[in-house]
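Down below is the structure, laid out as structure tokens.
The values are calculated or read from the model by the stated rules, or taken from the named source; none is laboratory data. Keep in mind that what you see is a predicted model, and the values were worked out from it rather than measured. Cβ placement follows ideal geometry from the backbone for every residue including glycine, while neighbour counts extend to all protein chains displayed. To get the accessible areas, we keep the full protein, side chains included, count just its heavy atoms, and leave off ligands, DNA and RNA. Shrake-Rupley method; radii C 1.70, N 1.55, O 1.52, S 1.80 Å.
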Amino acid sequence: MPSLKALRKRIATVRSTQQITKAMKMVAAAKLRRAQEAAERARPYAAKLSEMFTAVAAGVEPEAHPLLARRPEQRIDLLVLTSDRGLCGGYNANLLRFAEGLVRQRAAAETAIVVVGRKGLEYYRRRSARVVAHRQGILTTAPAAMAAELAQEVTRRFVAEETDAVHLVYTRFRSALSQDPTSVPLLPVAAPATDAPSVDYIIFEPERPALLARLLPRYVEALITQALLEAVASEQGARMTAMDNATRNAGEMMDSLTLSMNRARQATITKELMEIVSGAEALKG
């Protein structure tokens, strides 16, 4: 059994760790609230932009714009949104496992990776994957600015025919306890499936091709921006849950260590009493 001094030192260490995880949980909860509000505010804009794109692109041939061109998917880019930091449970592991499943499903195609986040970059470098671009600072960079950079990179590769399709892989936020890895096709741009009746505009200003040329890059940026906001909210939710579990586990460990310390102290006291009694009996004899 460990000594009383070792048990006291371990209890102090666990208590210090518990204070850190509790503080991190509170910080993640505050950031989660802001990230969730930002993601929810962006959803109506993304939905309206999708509706407008569907109306403008109705009846347009794929040859009307390079971002609509469909080719056999022999080369595929995956745009994977991970985090820069750990301590968020299985957030990154689940997403990267999901991305690996997509790669296995398209084993016949040549896959390249565009990754956001230090964790994803380290993961793919360890596996010698082909990383053609990477970005960091998902929590410190404005989502719109990062989305513009990523959209420019993936559209450049698609237009130059360096890739035949781009898929966006991110974690969709549902609640603080639930985040789902998700994949959506990004390029070539396809009209989103919707049950709402289509809106037929008679007059376009400017003309439909010019409007489509302006709308398509913005639509791609909007999809990436929405995914970034969902990823940030998911990361904070996963971190809050992980720190809450760590705080609870630290409390349980402290209870167990305290019980062991009390037993060790009781055994020490009992042993000393027995030595005193034995010494007194020896003196009497």
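Some values worked out for this structure:
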item: Meets criteria (under 24 Å from residue 240 (Cβ atoms), open to solvent by 30 Å² or more (accessible area, probe 1.4 Å) and of a type in the set (Gly, Ala, Ser)) for residue 86; result: no
item: All positions within the range 245-266 that are touching a residue at least 24 places away in the same chain (Cβ under 8 Å), of a type outside the set (Val, Ile, Thr) and open to solvent by less than 70 Å² (accessible area, probe 1.4 Å); result: 245, 246, 250, 251, 254, 257, 260, 261, 264
item: Checklist (1) over 21 Å from residue 29 (Cα atoms); (2) out of contact with any strand residue (DSSP E or B) (no Cβ under 7 Å at 6 or more places or on another chain); (3) of a type in the set (D, E, K, R); (4) modelled with pLDDT under 95 applied to residue 97, failing item; result: (4)
item: Residue in the range 220-239 that is at pLDDT 85 or above, more than 29 Å from residue 87 (Cα to Cα), touching a strand residue (DSSP E or B) at 6+ places or on another chain (Cβ under 8 Å) and open to solvent by less than 50 Å² (accessible area, probe 1.4 Å) present; result: yes
item: Candidates 31, 48, 5 - the one that is surrounded by 13 or more Cβ atoms within 10 Å (Cβ to Cβ) and among the charged types (D, E, K, R); result: 31
item: Residue check, residue 233 touching a Leu at 6+ places or on another chain (Cβ under 7 Å), among the hydrophobic types (A, V, I, L, M, F, W, C) and in a helix (DSSP H, G or I); result: yes
